[in-house]
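The values are calculated or read from the model by the stated rules, or taken from the named source; none is laboratory data. On a predicted model such as this, the values are computed, not experimentally measured, just so you know. For neighbour counting, all protein chains shown are included, and Cβ atoms are generated from backbone atoms with ideal geometry for every residue, glycine included. The area values use the complete protein model at the heavy-atom level, side chains included, leaving out ligands, DNA and RNA. Shrake-Rupley method; radii C 1.70, N 1.55, O 1.52, S 1.80 Å.
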Amino acid sequence: MAHKKAGGSSRNGRDSGGQRLGIKFFGGEEVVAGNIIARQRGTKWHAGRNVGVGRDHTLFALIDGRVAFEAKTKGRIFVSVLPLAGAAAQ
């Protein structure tokens, strides 16, 4: 008895999952050291004060504080982490 598989089934299944890129903490939000602030391909956002850059251009907080975005020359946006006011008292 002749059987044929459903047409086109062997051509499916090659769609990749999303990469979960983008900003993880927005301006004014509090972060702790090590928190990932942004995942990106290339430097869409640049590292400012108290922010480190990973091998894959991921931006992460180096200290506990509050996230701040600032636009500078050449249209570049820098992400900084500003220390919290109460942090100096501890």
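Could you tally the net charge around residue 39, taking each other residue with its Cβ under 14 Å from the Cβ of residue 39, Lys/Arg +1 and Asp/Glu -1? Here the count lands on +4. For the chain, the share of accessible area belonging to carbon and sulfur comes to 52 percent (1.4 Å probe, ligands and nucleic acids excluded).
Counting only protein heavy atoms and a 1.4 Å probe, the chain has 74 square angstrom of accessible area per residue. Full extension of the segment from residue 77 to residue 49, taken as 0.36 nm per residue of separation minus the current Cα-Cα distance, would add 8.8 nm. At q = 0.24 Å⁻¹ the log10 of I(q)/I(0) for the chain amounts to -1.16, computed by Debye summation with a single uniform scatterer per C-alpha, solvent ignored.
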